[in-house]
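Notes for the one structure printed next.
The values are calculated or read from the model by the stated rules, or taken from the named source; none is laboratory data. Keep in mind that this is a model prediction, so the values were computed, not measured. Every residue, glycine as well, gets a Cβ built from its backbone with ideal geometry; the counts of neighbours run over all protein chains shown. What goes into the accessible areas is simple: the full protein's heavy atoms, side chains included, and nothing from ligands, DNA or RNA. Shrake-Rupley method; radii C 1.70, N 1.55, O 1.52, S 1.80 Å.
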Amino acid sequence: MNRVNDRATVASCEFPALERRSMQAFIAYPRAFWLSAFFFLLCFYVLTVYGQAPSGDTAKTFEELAQSATAAREAGRTNDAMRFYTRALELRPEWSEGWWYLGTLQYDSDQYPEASRAFQKVVQLTPGLGPGWSFLGLCEFETRDYANSLEHLKKGQSLGDGEDPEITRVAKYHLALLLNRNGDFEEATSLLTAVFREGQVSAQVRVALGLALLRVRLLPDEVDPSQDALVHAVGNLAVSLAQNSARALEEFPSLLNDYPRVPYIHYAYAQALSSAGRQEDAVRQLQEEARISPESAIVPMEMSRLFLHMGKQQEAVRTAEEALRLAPDSSRAHLALGQALKAAGKSERSAQELAEAERLAPEKIRPEKRILEMYAQQNPSNRAQESQASGARGSATDTRIFEEFSHRAAEAQQSGNASVAIENYQKALHLRPQWDDGRWNLAMLFFSTERYPEAIAALKNFVERKPTFGTGWAVMGLSEFETKDYKNALIHLERGEELGFGGSPESVRTARLHLAMLLNQDGQFERAMQTLALETGSNVRDKQVQFALGMALLRIPFLPEQVDPGNNALVETAGEIATLLQNSKYDLAFPKFELLLKEYPATPFLHYAYGTALLALSRYDEAEKRIREELKISPQSELPYLRLASLALKRRQDAEALPLAQKAAQIAANSAEAHYLWGRASLELGQDEAAIRELETASKLSPGSPEVHFNLAKAYARAKLPEKAELERAIFTRLNELAEQQRSRAGNQAYGAHNATDAAPVRNEGDKPAPQRP
């Protein structure tokens, strides 16, 4: 699953990890503002500790090399800069700043072992420099030296990462991954929560939070792709737990309906219920967890704690004794029993258990074999090593046999004999599991012959070795679509799109069409339209594309085959209208709207779509009329209330906007846009306290919205809170720059894109941004 790529936009806490390259964004922007301070600090340190200055020709040579290194680095000539820094450091090995620059350049060039050695010198020379330890830990993470990485990232955190929040975020994220891997799930969750508290919650952070809640001691890229949908769903719930526990309590039943027997979801639900004061409900969830996880000691430990809180001392003792039976060397189990015995008045035995708990502390972390078996994927590289080791004695023979099988496979594939090609690819891969081309050809043969489960199995191995190959993820998603594993299909097609679909135009069109269909099914209608924005033309699939567009315009959350055949004509015409709107052909789209509304006047969201299109042309009176018609048809939807509130604000009708926004928030309590509009209307009406409350809520639900932070800054300024106002202005500036970059890349391809800021200023975190795959 997800490995972080620090070349990504670290400023927004996005860790897309589409390709593990460098930390260019990480080291380029921050160094301009804090490395100057770092330099003067180092000068003082070095002059104090190393008072002897070299003289004569040596000093002159060092100065020339240092100047050449700086010039090459600033000119982007990385190799020259590294060479000059290396030569300068041979003359003056105590030059800490040189080691720093050399290490960052090597890190940026994916030379992690060399960068690690450079940062080892940095921390030797300046042991109190937190960023040095953090960079050292990040280098060790990339070389899979996880034990030292964990130690050094902890060291960097304890010392502090200076005034650069981006170093802090990246280091905390990696530290949290390693804490998960070490079984310190609560500490990992706390760190991850700190990572996104003031920024957008990236897909990677969600995955890490999901692994922590599920108590999976694996790094994201060690998790089997078949578990991606589960981990993402749990990660979304974990974000809700951190942001809004009341909302999370409402989400647990739906998650448990989808995954009733997955370990530790009931356990997490029990903890959330307990925090909300619902102790009896929490006990029932723990009892259910005990049936799923009978060998887990933490479940009876938690039950003992709850019983103790409820005043049921005997039950507390009984469950603590059960925990101790399951984990006799657990410090926490002895502590739970000691506390329960003390409450029950058994002081002598309580003292013994508490003393034993102290003796056994700190708690020993116990890996669970069943969890690893459930989530871990097989590692082809390990199998390859085993194969190579077992065949070492006859390597020449093995090579000859491998070449014979691979040749037969290629010939059979070219001649269209799929069964023979598959048989020979399998034999060749048994001898050489690391043969990526063969693995890909085998997967595509399985896919083309509709052997989808086998294609998925082959692709799991392939993408583990080639995680940045978007087409591999796309074919996996298409295979999962055919097996009706729609949740994983959506995640993997999104990942494929993010990494880049490859293949023929028809293959790309097929992948985008299936992705859009799944987005519709998931209720992500705007994203479905954007996905299909470029997929209309003269191709044979245009009718399918238009049908999917029609479903998105009418907000139908199904797959095409699930639509009532009696509604096909309606959806097809809606698709034609959506295609016209995407191409800004409003003069042709509006008459079709009128005709469709005469024939289907009560169709949900048809008036809404027409009104939204009219808004795009600032035809406010007509738009309002259509959206009010929608209000009669869809009174339980927040969308018409949101559009009317937004329109009222445009017209400076703030008193009318307020109740509309409040009604939208009442219908959809987790709608960031509803709280944003409520906050804006309150701000315009001089209700500063309500404005701050609602805009802060919107900020929690959608921390990546520039508009929310802009208006929150205004509200804080009005309330005489200048420091908070300045912070919000800084966040707005950063996010607005990112939004401008995204808009310039995306253009106005999708329906309504040019009106996105006015019509839909914010999006909920739950709107499921495309997963990003390292």
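Quick one: in region 94-125, of everything that is at pLDDT below 95 and either in contact with a Pro (Cβ under 9 Å, 6 or more places away or on another chain) or outside any helix (DSSP H, G or I) (or both), which residue is farthest from GLU64 (Cα to Cα)?
Out of the qualifying residues, it is ASP110.
This table checks each residue for (1) closer than 30 Å to LEU499 by Cα; (2) in contact with a strand residue (DSSP E or B) (Cβ under 7 Å, 6 or more places away or on another chain); (3) among the aliphatic types (A, V, I, L, M); (4) not in a helix (DSSP H, G or I).
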residue: MET529; (1), (2), (3), (4): yes, no, yes, no
residue: PHE547; (1), (2), (3), (4): yes, no, no, no
residue: PRO557; (1), (2), (3), (4): yes, no, no, yes
residue: GLY566; (1), (2), (3), (4): no, no, no, no
residue: ALA609; (1), (2), (3), (4): no, no, yes, no
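Taking region 478-511, which residues are assigned to a helix (DSSP H, G or I), in contact with a Gly (Cβ under 6 Å, 6 or more places away or on another chain) and small (Gly, Ala, Ser)?
ALA489, GLY496
With the requirement that a residue be open to solvent by 40 Å² or more (accessible area, probe 1.4 Å), closer than 17 Å to LEU606 by Cα and among the small types (Gly, Ala, Ser), what does region 567-584 give you?
Across region 567-584, the qualifying residue is only ALA569.
For a quick check of your reading of the model, give me the residue pairs whose first member lies in region 399-419 and is under 17 Å from ARG432 (Cβ atoms), whose second is among the aromatic types (Phe, Trp, Tyr), with beta-carbon atoms closer than 6 Å and at least 6 apart or on different chains.
ALA409/TYR425
Filter region 240-250 down to the residues that are buried (at least 21 other Cβ atoms within 10 Å of the Cβ) and not small (Gly, Ala, Ser) and list them by number.
Of everything in region 240-250, just one residue is buried (at least 21 other Cβ atoms within 10 Å of the Cβ) and not small (Gly, Ala, Ser), namely LEU241.
Looking only at region 436-467, which residues are surrounded by 19 or more Cβ atoms within 10 Å (Cβ to Cβ) and in a loop (DSSP other than H, G, I, E, B)?
PRO467
Can you report the number of residues in region 655-679 which are open to solvent by less than 30 Å² (accessible area, probe 1.4 Å), free of Cβ contacts under 8 Å to residues at least 40 places away in the same chain and not hydrophobic (A, V, I, L, M, F, W, C)?
Looking only at that region, the number is 2.
Return the residues of region 692-706 that are modelled with pLDDT under 95 and open to solvent by less than 90 Å² (accessible area, probe 1.4 Å); say none if nothing qualifies.
GLU696, THR697, ALA698, SER699, LEU701, SER702, PRO703, GLY704, SER705, PRO706
Please find, among GLU498, GLU561, the residue that is open to solvent by 60 Å² or more (accessible area, probe 1.4 Å), in contact (Cβ under 8 Å) with a residue 60 or more places away in the chain and of a type outside the set (Gly, Ala, Ser).
When all the criteria are applied, what remains is GLU498.
Pairs needed: first member in region 81-108, on the phi < 0 side of the Ramachandran plot and free of Cβ contacts under 8 Å to residues at least 40 places away in the same chain; second member anywhere, open to solvent by 20 Å² or more (accessible area, probe 1.4 Å) and in a loop (DSSP other than H, G, I, E, B); C-beta distance under 7 Å; at least 6 residues apart or different chains.
Hits for this filter: ALA88/TRP95; LEU89/TRP95; ARG92/PRO54.
Could you figure out which of (1) under 21 Å from ASP221 (Cβ atoms); (2) open to solvent by less than 20 Å² (accessible area, probe 1.4 Å); (3) at pLDDT below 95 isn't true of GLY130?
All conditions are met except number (1).
Would you check if there is a residue in region 103-114 being touching a Leu at 6+ places or on another chain (Cβ under 8 Å), among the β-branched types (Val, Ile, Thr), over 21 Å from PRO220 (Cβ atoms) and surrounded by 21 or more Cβ atoms within 10 Å (Cβ to Cβ)?
So far as region 103-114 goes, no, none of its residues is touching a Leu at 6+ places or on another chain (Cβ under 8 Å), among the β-branched types (Val, Ile, Thr), over 21 Å from PRO220 (Cβ atoms) and surrounded by 21 or more Cβ atoms within 10 Å (Cβ to Cβ).
Please go through region 669-685 and pick out each residue that is at pLDDT 95 or above and in a loop (DSSP other than H, G, I, E, B).
LEU685
Within region 345-357, can you find the residues that are exposed (fewer than 13 other Cβ atoms within 10 Å of the Cβ) and either closer than 9 Å to HIS334 by Cα or in contact with a Lys or Arg (Cβ under 9 Å, 6 or more places away or on another chain) (or both)?
Result: ALA355, single match.
Of the conditions (1) touching a residue at least 60 places away in the same chain (Cβ under 8 Å); (2) more than 28 Å from LEU335 (Cα to Cα); (3) not in a helix (DSSP H, G or I), ARG247 fails just one. Which one is it?
(3)
Could you list, in sequence order, all residues of region 211-242 that are among the hydroxyl-bearing types (Ser, Thr, Tyr) and within 15 Å of the chain's Cα centre (by Cα)?
Matches in region 211-242: SER240 only.
Report whether or not GLU288 is over 16 Å from ALA212 (Cα atoms) and either open to solvent by less than 10 Å² (accessible area, probe 1.4 Å) or assigned to a helix (DSSP H, G or I) (or both).
When the stated conditions are applied, GLU288 passes them.
Looking for whichever is modelled with pLDDT under 95, β-branched (Val, Ile, Thr) and surrounded by fewer than 17 Cβ atoms within 10 Å (Cβ to Cβ) here; the options are VAL508, VAL540. Which one fits?
Criteria check complete, one pass: VAL540.
Among the listed residues PRO601, PRO635, which satisfies the condition of being open to solvent by 70 Å² or more (accessible area, probe 1.4 Å) and outside any helix (DSSP H, G or I)?
Only one candidate qualifies: PRO601.
For every residue, the table says whether it meets (1) farther than 17 Å from LEU735 by Cβ; (2) under 27 Å from the mean Cα position of the chain (by Cα); (3) of a type in the set (D, E, K, R).
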| position | (1), (2), (3) |
| --- | --- |
| ASN670 | yes, yes, no |
| ALA681 | yes, no, no |
| LEU685 | yes, no, no |
| ILE692 | yes, no, no |
| GLY704 | no, yes, no |
| LEU712 | no, yes, no |
| ALA717 | yes, no, no |
| LYS720 | yes, no, yes |
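Of everything in region 196-232, what is touching a Leu at 6+ places or on another chain (Cβ under 6 Å) and either surrounded by fewer than 24 Cβ atoms within 10 Å (Cβ to Cβ) or at pLDDT below 95 (or both)? Give them in sequence order.
Within region 196-232, VAL205, LEU219 qualify.
When only residues in region 329-344 that are part of a loop (DSSP other than H, G, I, E, B) and under 41 Å from the mean Cα position of the chain (by Cα) count, which is surrounded by the fewest Cβ atoms within 10 Å (Cβ to Cβ)?
In this case the residue turns out to be ASP329.
Name the residues in region 149-186 that are open to solvent by 60 Å² or more (accessible area, probe 1.4 Å) and either under 19 Å from GLN106 (Cβ atoms) or in contact with a Phe, Trp or Tyr (Cβ under 8 Å, 6 or more places away or on another chain) (or both), would you?
LYS155, LEU159, GLY162, GLU163, ARG181
Given the residues LEU326, LEU306, which is the only one that is farther than 16 Å from GLU358 by Cα, open to solvent by less than 10 Å² (accessible area, probe 1.4 Å) and either in contact with a helix residue (DSSP H, G or I) (Cβ under 8 Å, 6 or more places away or on another chain) or not polar (S, T, N, Q) (or both)?
Selected residue: LEU306, the only one of LEU326, LEU306 that is farther than 16 Å from GLU358 by Cα, open to solvent by less than 10 Å² (accessible area, probe 1.4 Å) and either in contact with a helix residue (DSSP H, G or I) (Cβ under 8 Å, 6 or more places away or on another chain) or not polar (S, T, N, Q) (or both).
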